[in-house]
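Trainee: To start, I am sharing the structure in question, which I have written as structure tokens.
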Amino acid sequence: MLKQFLNLKLSQKLSPQQIQLMKLIQLPTQAFEARLLEEMNENPALEGGDDQEEIYEKDEFDNNDEYDDYDDNDSIDSGDINIDEYLSNDETPDYKTQANNYSDDDEERESPLSAPVSFHQDLINQLNTFILTDEQRDIAEFLVGSIDDMGYIRRSIQDIVDDMAFTQGIYTDEKTVEKVLNIVHELEPSGVGSRDLQECLLLQLKHKTPTESVALAMNIIQDQFEAFTKKHYDKLILKFSVSREQLKNGIDEIERLNPKPGGAYTGSNKMTEHVVPDFAIKIVDDELELTLNGRNAPELHVSKDYQDMMKTYKDSKDKSNAQKDAVQFIKQKLDSAKWFIDAIKQRQETLYVTMNAIMHFQQEYFLDGDEANLKPMILKDIADMIGLDISTVSRVANSKYVDTPYGTKLIKEFFSEAMTNDQGEEVSTIEIKNILQTVIAEEDKNKPLPDDQLAEILKEKGYPIARRTIAKYREQLDIPVARMRKKM
């Protein structure tokens, strides 16, 4: 049986331009610069200011957002345009062959640089110090290639045997591979090539100078690994018939080991992430002053050459279908350039207005830097102040940084929910988390405080919070449960 229903649904669809604008707003400064250069490379009708380097290299905080707008009030009839008059023109606009392709450090780039040896290449180089048969070397190099960036081999020996046969034509057995793996385990950093954390720690302990503490540490990892990970120290004392001080020395040996033997090596080859603040807040004569990073306000304008082309085509008498297509292409590039310039200006205004509202909402904090003065603030508070959508405020806050007199801060960290203390006053959850963190830092690590006791302590301090809320805040602060915080 068929039934008919009348269903009214209200939906809102964003235009492609609106979606692109939202994406631009979301980009932090460095990503925005990359997007800007991409657009300039794709659209020759979009040009920068006189100094192209200024677009993506200046780091001053200024608000110089003046640029020339393309005036397209006059409609263009492609049927009245002649393309013959510019066929001899260079198809590459001058600005693409000038300063933006060069910079002061070009000569420096040509200087020879020492390329860092990769983690895996370093392991291969170490194999050259061992006397190996051709078969052993092939297997060893395959095993090294199976080590992940953290220093582990996450595959079973049988899988490795099968993979070598199918992909390398190396036919061997598990016993032979195990022997070669023992050779790989002699490589540095100690613990590399382990199948799991337990084996990794044992390998590192075997390379240590034998002492009573090292021997106890090896016994703990080999025979009581689960009890160790769960910090059942009393059980370990009974199991190995040692004093608490002896157990502490053994645990200290383990805690000095590296659970990710490859991590430190690969991390050293990565570039240190450099945070570029999108805003700067300064205190001038006891007043807050906000500036937008000038790299977000590039000098852009529509290509004069392209506008001249359009004028020439419009005045021309010759007409053809090919000419019409060419003119439509040029007009599309001009329109796209003008839209992009307008979108960047909207992005600038949105960023500035949003951050300005946040600055005034948290004025007390920005004047003295005391986190206790951070007010409860949610996205809706700022959205209501500036008349923008909550999602737009979120895009600004989630990925942007602000340089303050107290350091560079991620903007979203200023947002928090409200909570009522025992005086009936609204306080920020940031303040409560800071107090919770301080209480845990000052606790007796021999007897760490469980969540219910933490709740009681905060209640005494004037913050009546349920145990489950304490657990939530503790997890957000990446603090483990009491048992895992226990120290010898």
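Trainee: Roughly how many nanometres apart are two label points built 7 Å out from the Cα toward the Cβ at Asp148 and Lys239?
Mentor: Modelled inter-label distance: 2.6 nm.
Trainee: Place the peptides 232-240, 351-359 in order of packing, highest mean first, counting for every residue the other Cβ atoms within 10 Å and averaging per peptide. It would help to have the intermediate numbers written out before the result.
Mentor: On the way: 232-240: 15.0, 351-359: 21.1.
Final packing ranking: 351-359, 232-240.
Trainee: In nanometres, what is the gap between the two model label sites at Arg155 and Ile124, each 7 Å from Cα along Cα-to-Cβ?
Mentor: About 1.6 nm, to one decimal.
Trainee: Please turn the phi angles of segment 226-237 into ³J(HN,Hα) values with the Karplus equation 6.51 cos²θ - 1.76 cosθ + 1.60 (θ = phi - 60°), one per residue in order, whole Hz, x for glycine and proline.
Mentor: 5, 4, 5, 5, 8, 6, 8, 5, 4, 5, 5, 4
Trainee: So how do 141-151, 364-374 stack up, highest first, on mean other-Cβ count within 10 Å? Before the final figure, lay out the partial values.
Mentor: Details: 141-151: 18.6, 364-374: 15.6.
Highest to lowest by the protection proxy: 141-151, 364-374.
Trainee: Hey, another quick one. Taking a ≥ b ≥ c as the square roots of the Cα gyration tensor eigenvalues, with a/c under 1.5 meaning rounded and otherwise prolate when a/b beats b/c, else oblate, which class fits segment 109-234? Could the numbers behind the result be given before it?
Mentor: Details: a/c = 2.11, a/b = 1.41, b/c = 1.50.
Note, shape of segment 109-234 comes out oblate.
Trainee: Still on this structure: Calculate the FRET efficiency for Leu410 and Lys179 from the Cβ-Cβ distance with a Förster distance of 45 Å, rounded to the nearest 0.05.
Mentor: Efficiency, rounded to the nearest 0.05: 0.30.
Trainee: Counting only residues 5 or more places away or on other chains, whose amide H sits under 5 Å from the amide H of Asn293 once H atoms are built in the peptide plane?
Mentor: Amide H neighbours of Asn293, under 5 Å, 5+ apart: Phe279, Ala280.
Trainee: I've got another one for you. Per 0.36 nm of contour for each residue apart, how much would the distance between Gln363 and Lys459 grow if the chain were fully extended, relative to their Cα-Cα spacing?
Mentor: Details: separation 96, 0.36 × 96 = 34.56 nm, distance 2.86 nm.
Using 0.36 nm per residue and subtracting the Cα-Cα distance, I get 31.7 nm.
Read-outs throughout are calculated quantities, based only on the coordinates presented, and are distinct from any laboratory measurement. Source: prediction; values computed, not measured. Methodologically, a virtual Cβ is constructed for each residue, glycine included, from the backbone with ideal geometry; neighbour enumeration extends over all protein chains shown.
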